[in-house]
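Chemist: I have a structure I would like to understand better, so I am pasting it below and will then ask my questions one at a time.
The values are calculated or read from the model by the stated rules, or taken from the named source; none is laboratory data. The shown structure was predicted, so the numbers you read here are calculated from the model rather than taken from an experiment. Because the Cβ atoms are built from the backbone with ideal geometry, glycine has one as well, and the counts that use them run over all protein chains shown.
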Amino acid sequence: MLVVAHPDHDSATWAVARAIEQGIRSAGSATATTHDLVASGFDPVYGKADLAHHRGLSGLPADVRREQEFLESAEVTVVLFPVYWWSMPALAKGWFDRVFGAYDDVSHGSPSAVRKLHLVALAGLGEGTFDRHGYKAALTTQTMHGIADYSQIGDSSIEFLYDTESKDPAIHEQLIARGYEIGAEMAQRAQPAYDRVAV
Ligand SMILES: Cc1cc2nc3c(=O)[nH]c(=O)nc-3n(C[C@H](O)[C@H](O)[C@H](O)COP(=O)(O)O)c2cc1C
């Protein structure tokens, strides 16, 4: 399943999401479902109902449960988001807060039902800026250790696609080509491990 946190279907983020869908479909072995977080109207604000559930005082909010059902139906979840202020946008952060947070409610430390997670962070600026200031390391630690490891997701990864605002068509083509490859890799990753061993 692809989860996309971007409001504009003409954006680089959505172009890469479509390339990933194509890459998955071309592999023939897996199906791609895309969840448009903006169009779905998902409310990212961690509110009173979330807190009441967290404290064991009430049931899970229905919209959060719906998101969890999407996640539980997927072998692999790919989350695409643009980098805003060297981090993820509020919509994506709120989705993690509410949906992943709810797996951890009541019996703290319970594993999330997410099996495999790949994050794709699209950045307007270049890799040099991210490396120089430690932004890549910061976002990687925060998401891979802080979210995926904490949620006991055994198979998780993140990658950064840089220079998304470049006017150079070659860069745009590289982004799309990488999206297509990601799709093929995710289709492979969705297979049980024994299918991936060459015999
Ligand atoms: C509010 C806002 C904050 C942004 N912050 C960053 C940033 O911290 N670093 C960066 O490289 N790009 C930043 N950008 C650029 C986005 O990452 C860029 O729009 C994104 O990579 C994807 O392009 P797209 O909007 O065409 O999908 C920001 C853009 C916006 C609108």
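Chemist: Going by the structure shown, is His35 within 16 Å of the ligand (Cβ to nearest atom) and touching a strand residue (DSSP E or B) at 6+ places or on another chain (Cβ under 9 Å)?
Modeler: no
Chemist: Might you check whether a residue that is surrounded by fewer than 21 Cβ atoms within 10 Å (Cβ to Cβ), within 12 Å of the ligand (Cβ to nearest atom) and part of a loop (DSSP other than H, G, I, E, B) occurs anywhere in segment 89-96?
Modeler: Within segment 89-96, one or more residues are surrounded by fewer than 21 Cβ atoms within 10 Å (Cβ to Cβ), within 12 Å of the ligand (Cβ to nearest atom) and part of a loop (DSSP other than H, G, I, E, B).
Chemist: Could you please let me know if Ser26 is out of contact with any Cys (no Cβ under 9 Å at 6 or more places or on another chain), over 18 Å from Ile182 (Cα atoms) and polar (S, T, N, Q)?
Modeler: Criteria not met by Ser26.
Chemist: On to the next question. Could you count how many residues in segment 61-84 are in contact with a Gly (Cβ under 9 Å, 6 or more places away or on another chain) and closer than 13 Å to Ala190 by Cα?
Modeler: Going through segment 61-84 one residue at a time, the tally reaches 1.
Chemist: Away from the ligand (no atom under 16 Å from the Cβ), aliphatic (A, V, I, L, M), surrounded by 14 or more Cβ atoms within 10 Å (Cβ to Cβ) and farther than 20 Å from Arg98 by Cβ, is that true of Ile20?
Modeler: no
Chemist: If a residue has to be part of a helix (DSSP H, G or I), in contact (Cβ under 8 Å) with a residue 60 or more places away in the chain and within 12 Å of the ligand (Cβ to nearest atom) to count, how many in segment 162-178 make the cut?
Modeler: The number of residues fulfilling the criteria is 2.
Chemist: Then there is this: Can you name the condition, by its number, that Leu80 falls short on among (1) of a type outside the set (Ser, Thr, Tyr); (2) assigned to a loop (DSSP other than H, G, I, E, B); (3) within 13 Å of the chain's Cα centre (by Cα)?
Modeler: It fails just one condition, (2).
Chemist: Now, a different point. Considering segment 120-159 alone, what residues qualify as being within 14 Å of the ligand (Cβ to nearest atom) and either in contact with a helix residue (DSSP H, G or I) (Cβ under 6 Å, 6 or more places away or on another chain) or modelled with pLDDT under 95 (or both)?
Modeler: Leu122, Phe130, Lys136, listed by residue number.
Chemist: Name the residue that is farthest from the ligand (Cβ to nearest atom), counting only residues in segment 1-17 that are small (Gly, Ala, Ser) and over 20 Å from Ser73 (Cα atoms).
Modeler: Ala15
Chemist: Next up: Looking for something under 16 Å from the mean Cα position of the chain (by Cα), away from the ligand (no atom under 16 Å from the Cβ) and of a type in the set (D, E, K, R) - is there at least one such residue anywhere in segment 45-60?
Modeler: No.
Chemist: Okay, moving on. Any residue in segment 69-93 that is without any contact (Cβ under 8 Å) to a residue 24 or more places away in the chain and under 20 Å from Phe130 (Cα atoms) sitting within a Cβ distance under 9 Å of a residue that is in a loop (DSSP other than H, G, I, E, B) and within 12 Å of the ligand (Cβ to nearest atom)? List the pairs, counting only those 6 or more apart or interchain.
Modeler: Sorted first by the residue in segment 69-93, then by its partner, the list stays empty.
Chemist: Could you go through segment 156-163 and let me know if any residue there is among the aliphatic types (A, V, I, L, M), surrounded by 17 or more Cβ atoms within 10 Å (Cβ to Cβ) and more than 20 Å from Tyr103 (Cα to Cα).
Modeler: yes
Chemist: I need a count of the residues in segment 61-84 that are within 12 Å of Leu119 (Cβ to Cβ), among the aliphatic types (A, V, I, L, M) and more than 16 Å from the ligand (Cβ to nearest atom).
Modeler: 1
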